[in-house]
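Participant: Take a look at the following structure, please.
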Amino acid sequence: MMNNKIIIRQETKSDFSQVNDVIMAAFKDMEESDHTEHLLVEKLRETDAYIPELSLVAEDCGGRVVGHILLSMVTVECEGKVCMALAVAPLSVHPDFQGRGIGGMLISEAHKRAAELGYGVAVLLGHKDYYPRFGYKTASLFGIKFPFEAPDECCMVAELKSGCLNGIRGTVRYSDAFNAG
């Protein structure tokens, strides 16, 4: 995908260093952050939860990585039933490029590619005023819980394909890569 001289493409190994820099810069001044998001991405790349096709970068016309999004596999577990889903974590745009729609471009393209790969549901912990414009709704409205303490309105879920939330209820289970340490 290309828009406003920004190209959205799959991340490659040669992007890893720039992606780390973008993530660290994006979360540097975020009070809610523990500033280890770049380490989470590194850990996720080494797990079965990692889907290379859903690790995307935004590249400017000079070839500089200015944004990144990663969707990784999670499950929603309820009463012995396990449903596959994706976790959006993290979404990062370098501060010099924020407010230009790059985050939205990354989310939209990641959602499109995820649906093409057969995934129907995405979950995230994020800002209650930002993510609803991309179809995210409060997860508790669907009977979906997160395994950590966070404001209810920040725990969200989105259907990537119509009807995919039907019958999915329970607790999100993240990859061990999300565990601190």
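Participant: Could you state the accessible area per residue of the range 23-157 in Å², with a 1.4 Å probe and every protein chain left in place?
Facilitator: Spelled out: the 1.4 Å probe surface of the range 23-157, per residue, equals 48 Å².
Participant: Along the range 100-107, what does the Karplus equation 6.51 cos²θ - 1.76 cosθ + 1.60 (θ = phi - 60°) give for ³J(HN,Hα), rounded to whole Hz, x for Gly and Pro?
Facilitator: 10, x, 5, x, x, 4, 5, 4
Participant: Just how many pairs of Lys in the chain have C-alpha atoms closer than 22 Å, counting pairs that are eight or more places apart or on different chains?
Facilitator: 15
Participant: Among the DSSP beta bridges whose two residues both lie in the chain, what percent are antiparallel, rounded to the nearest 5?
Facilitator: Within the chain, antiparallel bridges account for around 90 percent of the total.
Participant: Could you list which residues have their amide H under 5 Å from that of residue 170, counting only those 5 or more apart in sequence or on another chain, with H placed in the peptide plane?
Facilitator: 144, 145
Participant: So, one more: Can you compute the FRET efficiency between residue 162 and residue 47 using 1/(1 + (r/R0)^6), with r the Cβ-Cβ distance and R0 = 30 Å? Round to the nearest 0.05.
Facilitator: According to the calculation, E is roughly 0.55.
Participant: Under a point spin-label approximation (7 Å from Cα along Cα-to-Cβ), what is the residue 10-residue 79 distance to one decimal in nm?
Facilitator: It works out to 3.9 nm between the two label points.
Participant: Pairs of alpha-carbon atoms within less than 8 angstrom and 6+ residues apart define the contacts here; what relative contact order does the chain have, in percent?
Facilitator: Numbers: 330 pairs, mean separation 38.9, N = 181.
With pairs under 8 Å counted, the relative contact order is 22 percent.
Participant: Give me the percent of accessible area attributable to carbon and sulfur for the range 115-178, probe 1.4 angstrom.
Facilitator: 49 percent
Participant: For the range 40-76, which GluC sites (Glu not before Pro) are in a loop by DSSP, counting at most 14 other Cβ atoms within 10 Å?
Facilitator: Passing both the DSSP loop test and the Cβ count: 46.
Participant: Further, regarding this structure: Given the DSSP H assignment, sum -39500 (n - 2.57) over each helix run of at least 4 residues in the chain and divide by its residue total; what's the result at 222 nm in deg cm²/dmol, nearest 500?
Facilitator: Value at 222 nm, helices only: -6000 deg cm²/dmol.
Participant: Rule-of-thumb check for the range 54-181: C-alpha Rg over 2.2 N^0.38 Å?
Facilitator: Against the empirical 2.2 N^0.38 Å value, I get 1.06 for the range 54-181.
Participant: Which whole number in µm²/s is D for the range 4-118 by Stokes-Einstein, with the Kirkwood Rh taken over Cα pairs at 20 °C and 1.002 mPa s? Write down the numbers at each step before the final one.
Facilitator: Working: Rh = 14.6 Å.
Rounded, D is 147 µm²/s.
Participant: Between residue 133 and residue 100, what is the label-to-label distance in nm when each label sits 7 Å out along the Cα-to-Cβ direction?
Facilitator: Between residue 133 and residue 100, the simple spin-label model gives 1.6 nm.
Participant: Here's something else I'd like to know. Note down the net charge around residue 137, summing +1 for each Lys or Arg and -1 for each Asp or Glu among other residues with Cβ under 12 Å from its Cβ. Before the final figure, lay out the partial values.
Facilitator: On the way: positive: 128, 133; negative: 152, 153, 159.
Around residue 137, the surrounding residues sum to -1.
The values are calculated or read from the model by the stated rules, or taken from the named source; none is laboratory data. These numbers were taken from a predicted model, which means no experiment stands behind them. Heads up, the Cβs are rebuilt from the backbone with ideal geometry, glycines too, and the neighbour counts pull from every protein chain shown. These accessible areas exclude ligands, DNA and RNA; they are computed on the full protein's heavy atoms, side chains included. Shrake-Rupley method; radii C 1.70, N 1.55, O 1.52, S 1.80 Å.
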